[in-house]
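Read the figures in this text as sums done on the coordinates, not as results from a lab. Note that the structure is predicted; figures quoted are calculated from it, not measured. Here Cβ is always computed from backbone atoms with ideal geometry, including for glycine, and neighbour counts include all displayed protein chains.
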Amino acid sequence: MKNFILLFTIIILVSTVNTLPSDNKNKFVLVIHGGAGATPRDIPEELQSQYLKSLTEALIIGKNILSNGGTALDAVEKVVNYLEDNQLFNAGRGSVLTSEGKVEMDAAIMDGIDLSAGAVAGVNKIKNPISLARLVMQKTPHVMLISNGAENFAKEMNVEFGDSSYFLLDSQIDKWRDIKKKMNENKKGTVGAVALDVNGNLAAATSTGGMMMKRPGRVGDVPIIGAGTYANNQTCAVSATGWGEKFIRNNVAVSISKLMEYKGVSLKTAVNELINNILQPNDGGVIAIDKDGNYSMMYNTKSMFRGVINSDGFSEVKIWE
Ligand code: ASP
């Protein structure tokens with residue numbers, strides 16, 4: 001009887017530990033995006049190769065973490081750090097400007113193991129908002145801190161700050177002046193990463209300067225858990241890019257997860273439902289990975305900077321179809 005109880009206990013313990021099916025052991029997948037939008041196919045070749053090179057470098061950073069048994073959470077944070085530091089993208093350095101010509105950044109990170117999540121919104125001096133979001137997740141009982149409160153917390157945590165000369169790039173100021181004249185630009189170029197690690201854990205991270213010419217104080221979908229960022233080991237990890245208000249209203253990231261959970265549909269079907277049936281053309285796109293390593297990079301805009309790398313040695317980076 002004693003042996004039977006012990007065996008029963010072991011079976012229960014084993015079945016509650018979140019492991020991948022045996023054929024998934026040592027498998028990892030990383031998918032990234034650098035924003036959805038309307039990048040014309042005739043951008044200068046040199047710029048195109050800078051984008052593709054940057055996406056490739058970001059993938060390699062994540063691959064080095066994941067192939068050494070690192071966590072999905074570390075991988076998505078470090079990949080997003082790289083993209084935040086890269087001026088080509090609308091996050092960290094390179095963020096677009098508000099209607100008042102200032103930077104206001106949003107970011108969120110989520111761990112699929114236990115649904116823990118951290119986010120910051122409206123920060124304008126933090127070099128890497130995604131790392132501050134991770135600190136909110138791990139060092140406070142809260143999910144989101146905004147603006148001055150977030151920056152005071154960053155000081156306590158000794159997080160690196162950037163001054164206005166770091167963020168206010170001449171290129172962005174010129175664009176801002178230009179757009180201020182036309183007032184019709186809808187620039188997109190957020191960054192994000194989702195990863196599955198060798199232990200079967202999923203994580204998602206997204207970071208952005210938001211929409212160009214947004215009102216000061218506007219918060220987009222990126223730091224709203226379930227709108228632009230979501231991860232759950234039972235289903236999938238999602239990072240979105242596009243018109244944030246649409247992603248908030250439709251709870252896009254968590255809806256993909258819930259469709260899989262409640263209706264038992266595949267990742268591809270769930271992503272397709274949100275991107276092509278719920279959202280409208282030109283709203284944006286998502287990158288997503290499910291718990292078995294299937295992934296999707298779907299968008300309804302003209303372009304989306306994106307890339308994937310996995311443990312089978314496959315990798316690709318793309319801008320258009
Ligand atoms: N979703 C972001 C926002 O609305 C913008 C983007 O992805 O380009 O803030």
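Once you charge only the Cβ atoms, +1 for Lys and Arg and -1 for Asp and Glu, what is the size of the charge dipole of region 73-122 about its Cα centre, to the nearest 20 debye? Intermediate values should be presented prior to the final figure.
On the way: 3 positive and 9 negative charges, 42 e Å.
Magnitude of the dipole: close to 200 debye.
Could you list the square roots of 5 times each eigenvalue of the Cα gyration tensor of region 162-296, that is, the equivalent ellipsoid semi-axes, sorted largest first and rounded to whole Å? Intermediate results must be reported in sequence, preceding the final value.
Details: eigenvalues 191, 57, 24 Å².
Result for region 162-296: semi-axes of 31, 17, 11 Å.
Measuring from centroid to centroid over Cα atoms, what is the spacing of region 241-293 and region 134-157 in Å? That distance is 28 Å.
Across the chain, C-alpha contacts under 8 Å between residues 6 or more apart give a mean separation that, scaled by the residue count, equals a relative contact order of 24 percent.
Within the chain, the ratio Rg/Rh, alpha carbon atoms throughout and Rh by Kirkwood, equals 1.00.
Modelled this way, with points 7 Å down the Cα-to-C-beta line, the labels at residue 157 and residue 38 are 3.7 nm from one another. Straightening the chain between residue 321 and residue 139 buys 61.4 nm, computed as 0.36 nm per residue apart minus the Cα-Cα spacing. Only helices enter this figure: runs of n ≥ 4 DSSP H residues, each worth -39500 (n - 2.57), summed and divided by the residues of the chain, yield -11000 deg cm²/dmol at 222 nm to the nearest 500. Of the peptides 79-90, 297-308, the ranking by mean beta-carbon count within 10 Å, highest at the top, reads 79-90, 297-308. Here the chain is treated with +1 on each Lys and Arg Cβ and -1 on each Asp and Glu Cβ, and its dipole about the Cα centre works out to around 500 debye.
Only Cα pairs within less than 10 Å get springs; with that Gaussian network setup on the chain, which residue of 64, 233, 251 has the largest fluctuation? Among 64, 233, 251, the largest GNM mean-square fluctuation belongs to 64. Figure legend: label point modelled 7 angstrom from the Cα of residue 53 along Cα→Cβ; residues of region 63-92 with amide N under 16 Å from it are 83, 86-89. Along the axis of the charge dipole computed for the chain (Cβ charges of +1 for Lys and Arg, -1 for Asp and Glu, origin at the Cα centre), the listed residues 80, 287, 61 are led at the positive end by 287.
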